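First comes the structure, then the notes that go with it.
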2 protein chains.
Amino acid sequence: MERIDQAVDPARARAWLATAVEEARAGLAEGGIPIGAALYDADGTLLGRGHNRRVQDGDPSMHAETAAFRAAGRRRTYRGTTMVTTLSPCWYCSGLVRQFGISRVVIGEAGTFHGGHNWLAGHGVEIVRLDDPECAAMMRDFVEKNPALWNEDIGE
Amino acid sequence: MERIDQAVDPARARAWLATAVEEARAGLAEGGIPIGAALYDADGTLLGRGHNRRVQDGDPSMHAETAAFRAAGRRRTYRGTTMVTTLSPCWYCSGLVRQFGISRVVIGEAGTFHGGHNWLAGHGVEIVRLDDPECAAMMRDFVEKNPALWNEDIGE
């Protein structure tokens, strides 16, 4: 995998994260697991956005990142794209990033759950951790109130 | 991840593969990429089956394994389950297997494409390679006739 030429501007990364947070909040309002994601092109174009749909659709395959990827539709290449997600991507979503050559992952927080982002970094993906307090509080509160549902979502 | 107690009976693995091959053929007949998969419970119950739907639904997130996983619906645990697939699982589908603790992967062939099955073996997943000539011929023929579509499906 080729590295992208330039590290992302922090202000831009935070603006992208806001889209993922909106998605997470929408999921929570629907009674779902509050994780959101969005896929951005190198020029800042929003390609797709989505949130976890396990509860809403009874669909265990729709994590936030896969929902955003799906919403983006078919593409010839993902070179230069950024997946922004409110939470560190699990192995399933990390595998998605690696297989399709997504260049960068912006992570709201990796404190409540730590997925495969170090593995991705070792395979040339730029990882940006924002340690966002709102993302952390939203997940911490959700996991505390819904431990069984959360464990189901990560196969534990 | 816990290892499962007993290796799969080869006749059973071949019977399960037949379901995945039916799915692959159905995908081909629809004009799609001929990869099929099925998820079986430890007692041999079919939990879900599906095939790649990139072309049919314009959905890049529906690989054969994710389609079978989705069809199986929500489950508390995947311990003891087997994912059978006509082709070695890509990183995306390998990540699915690892994250959800699927115990075994039965692979029709890994000659035309080699995904993450060695990585899974290193994480305690039982890998059964059947080196099935029909699976290999179906993929070889498809890739030869549709190289751009195949490269799109694996992000290359």
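The values are calculated or read from the model by the stated rules, or taken from the named source; none is laboratory data. These figures come from a predicted structure and were not determined experimentally. Here Cβ is always computed from backbone atoms with ideal geometry, including for glycine, and neighbour counts include all displayed protein chains. The area values use the complete protein model at the heavy-atom level, side chains included, leaving out ligands, DNA and RNA. Shrake-Rupley method; radii C 1.70, N 1.55, O 1.52, S 1.80 Å.
What the table shows:
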item	result
Copy-to-copy label separations for A:R140, where each label sits 7 Å from Cα toward Cβ, in nm and ascending	5.8
In segment A:1-77, trypsin sites (Lys or Arg not before Pro) in a DSSP loop with at most 14 other beta-carbon atoms within 10 Å	A:R3, A:R74, A:R76
Residues in segment B:69-87 that, when all protein chains are in place, have 10 Å² or more less accessible area than the chain alone would give (probe 1.4 Å)	B:F69, B:R70, B:G73, B:R74, B:R75, B:R76, B:Y78
Minimum Cβ-to-axis distance in chain B for the rotation onto chain A, with residue, whole Å	B:G95, 1
A:H114/A:A137 FRET efficiency (R0 22 Å; Cβ-Cβ; nearest 0.05)	0.80
Nm distances between copies for B:E30, ranked from closest, using label points 7 Å along Cα→Cβ	2.2
Cut-off 15 Å, label 7 Å out along Cα→Cβ of B:A42, residues of segment B:49-80 by amide N	B:76-80
Residue of A:H51, A:H114, A:H63 that the Gaussian network model of chain A assigns the largest fluctuation, springs spanning Cα pairs under 10 Å	A:H114
Relative contact order for chain A, counting Cα pairs under 8 Å that sit 6 or more residues apart, in percent	20
Within-9-Å neighbourhood charge of A:I35 [Cβ basis; K, R +1; D, E -1]	-3
Label point 7 Å beyond Cα along the C-beta direction, distances from B:G124 to other copies (nm, shortest first)	3.2
Using θ = phi - 60° and Karplus 6.51 cos²θ - 1.76 cosθ + 1.60, couplings along segment B:132-140 (whole Hz; Gly, Pro as x)	7, x, 5, 4, 5, 5, 4, 5, 4
Accessible area per residue, Å², segment A:1-137 with all protein chains present, probe 1.4 Å	37
Summed buried accessible area for A+B [probe radius 1.4 Å, Å², rounded to 100]	3000
Alpha-carbon Debye profile of chain A, log10 I(q)/I(0) at 0.20 Å⁻¹	-1.26
